[in-house]
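*Asks:* Questions regarding the structure given below will be posed in turn.
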Amino acid sequence: MNKKIALAIHGGAGTILRSLMTPELEAEYRSGLENALRTGLEILEKGGSSMDAVEMTVCSLEDFHLFNAGRGSVFTHDGKNEMDACIMNGRTLKAGAVAFVKNVKNPIRLARLVEQRTEHVLLAGEGANQFAVQMNVEMADDAYFFTQHRYEQLLRAREEGVVQLDHTADEPEILDGAAAVQQAFDPRSTTSESKSLGTVGAVACDINGNLAAATSTGGMTNKKFGRIGDTPLIGLGNYADNATCAVSCTGHGEYFMRAVTAFDVAARMRYKGIPLVQAAKESIDYLTSIGGEGGLIAVDSQGNITMPFNSEGMYRGRITETEMAVDIYK
C-alpha cells in the first residue's frame, strides 16, 4: 500500500461513557465504524480517488441506523427527516452541499452530484429535492428513515418543549444543527445521563496525495424554523485543500460556525506553517475557549491523521498503511 493512503472517520462526539455502554451496543457501534473503514480502504487500495473514498465511506455511515445521518436521522418538530451533507475536493477546491433534503437515501451522493454537475456549491430544500429527482438518485420512503429510538427522542423533546441535548437530567443545553437529542448514550434508553452528537464524516488521502472531506447529518431533534448548522457549510464543518488538509467536524455546530473550525485548521497550517496535529489541536483548544464542544478528524497530503476532541468521547476510526483502529472513549 502506498504510504500516502489514509482514511479517518467519525460518527459523532459527546458524553460517551464506558460505564453506560453495554457490550452489545459497543460491538454494534464498532461494527458500523469498521464496515465504513473497510469500504473506503478498498477504494483507496485499488487506486481510487479520495473523493470516491469519502463519498462511499459516508454512504456506509448513513446506512447505519445508530448514527444521526441518512437512515438513522433524527426527527424535526413536524416529525420529518431533513438531512444535510457536504463534500469537498482538495485538489480542485470544488465542493457540493445540500440542506433540508427529504427522502434522499444517501444525502452525500446528492452533495457529490452538486459538486460534479452544477456550478453551485449549496442547494437547499425543495430545490435540492428537485435536483435529486433530475439526477435519478435513490430515494426512500418515510418508513426507511424511521427508527424507534429517534422517534422517542422527538416525543420527549416535544413534551419538554425544547430542542436540546442534556448534560444532566436537569441541565438542558440548546444545541446546533449538527447535534441530536440523545438523553442516553444508548439511543434506545430513556435515561438522561449522557449525550452524543451524531454527525458522521470521513477524510481521505489517496495514492496521489489528493485530499477530500465529506460530512453528513440528520440535524437536530425537534428542529424548527429552517435552521442550518455547520455540516453543509464550507469551511465551518467541512473543508479540504491539498495544500494543507482535509477536515470533518462534529459537535456543537453553532460554535464550529463561529470559529470557522474546519477552515481554521487549514489556515493555521498555511499561515503559521505548523504541522497538522498541532494545527488541529489549536483549533479544538480555541473551540473550547469559546464554550464549544466536539471534535474533528483531519488528514494531510502525507497521510498523517489526527482526531482531537474535547468531549468525553467520539466515535472514530482510522486506517493507514500500518494500522487500523476504532475508538470510542477519551
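*Asks:* What is the residue count in the range 32-58 for residues that are out of contact with any Lys or Arg (no Cβ under 6 Å at 6 or more places or on another chain), crowded, with 24+ Cβ neighbours inside 10 Å, over 21 Å from residue 14 (Cβ atoms) and not polar (S, T, N, Q)?
*Replies:* Counting residues in the range 32-58 that are out of contact with any Lys or Arg (no Cβ under 6 Å at 6 or more places or on another chain), crowded, with 24+ Cβ neighbours inside 10 Å, over 21 Å from residue 14 (Cβ atoms) and not polar (S, T, N, Q) gives 5.
Conditions tested, residue by residue: (1) small (Gly, Ala, Ser); (2) surrounded by 24 or more Cβ atoms within 10 Å (Cβ to Cβ).
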position	(1), (2)
64	no, no
71	no, no
81	no, yes
87	no, yes
96	yes, yes
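*Asks:* Then there is this: Filter the range 123-159 down to the residues that are outside any helix (DSSP H, G or I), within 21 Å of the chain's Cα centre (by Cα) and not aliphatic (A, V, I, L, M) and list them by number.
*Replies:* 138, 146, 147
*Asks:* Moving on. Go over the candidates 81, 129 one by one and state the one that is touching a residue at least 24 places away in the same chain (Cβ under 8 Å) and within 26 Å of residue 317 (Cβ to Cβ).
*Replies:* Only one candidate qualifies: 81.
*Asks:* Does the range 2-11 include one or more residues that are surrounded by fewer than 24 Cβ atoms within 10 Å (Cβ to Cβ), out of contact with any Cys (no Cβ under 8 Å at 6 or more places or on another chain) and under 19 Å from residue 321 (Cα atoms)?
*Replies:* Scanning the range 2-11, I find at least one residue that is surrounded by fewer than 24 Cβ atoms within 10 Å (Cβ to Cβ), out of contact with any Cys (no Cβ under 8 Å at 6 or more places or on another chain) and under 19 Å from residue 321 (Cα atoms), so the answer is yes.
*Asks:* Could you check how many residues of the range 22-77 are β-branched (Val, Ile, Thr), farther than 30 Å from residue 159 by Cα and within 15 Å of the chain's Cα centre (by Cα)?
*Replies:* First pass over the range 22-77, keeping only residues β-branched (Val, Ile, Thr): 22, 39, 43, 54, 57-58, 74, 76.
Next, only the ones that are farther than 30 Å from residue 159 by Cα stay: 39, 43, 54, 57-58.
Adding the requirement that they be within 15 Å of the chain's Cα centre (by Cα) leaves 54, 57-58.
Looking only at that region, the number is 3.
*Asks:* Hey, another quick one. Mind counting the residues in the range 176-235 that are β-branched (Val, Ile, Thr), modelled with pLDDT of 70 or more, in a loop (DSSP other than H, G, I, E, B) and surrounded by fewer than 24 Cβ atoms within 10 Å (Cβ to Cβ)?
*Replies:* 2
*Asks:* Which of the following residues is touching a helix residue (DSSP H, G or I) at 6+ places or on another chain (Cβ under 9 Å), under 20 Å from residue 242 (Cβ atoms) and polar (S, T, N, Q): 49, 73? Reasoning before the result, please.
*Replies:* Values: 73 fails: under 20 Å from residue 242 (Cβ atoms).
49 is the lone residue from the list that is touching a helix residue (DSSP H, G or I) at 6+ places or on another chain (Cβ under 9 Å), under 20 Å from residue 242 (Cβ atoms) and polar (S, T, N, Q).
The values are calculated or read from the model by the stated rules, or taken from the named source; none is laboratory data. Predicted model only: the values in this text are computed from it and were never measured. Cβ: placed from backbone, ideal geometry, glycine included. Neighbour counts: every protein chain shown.
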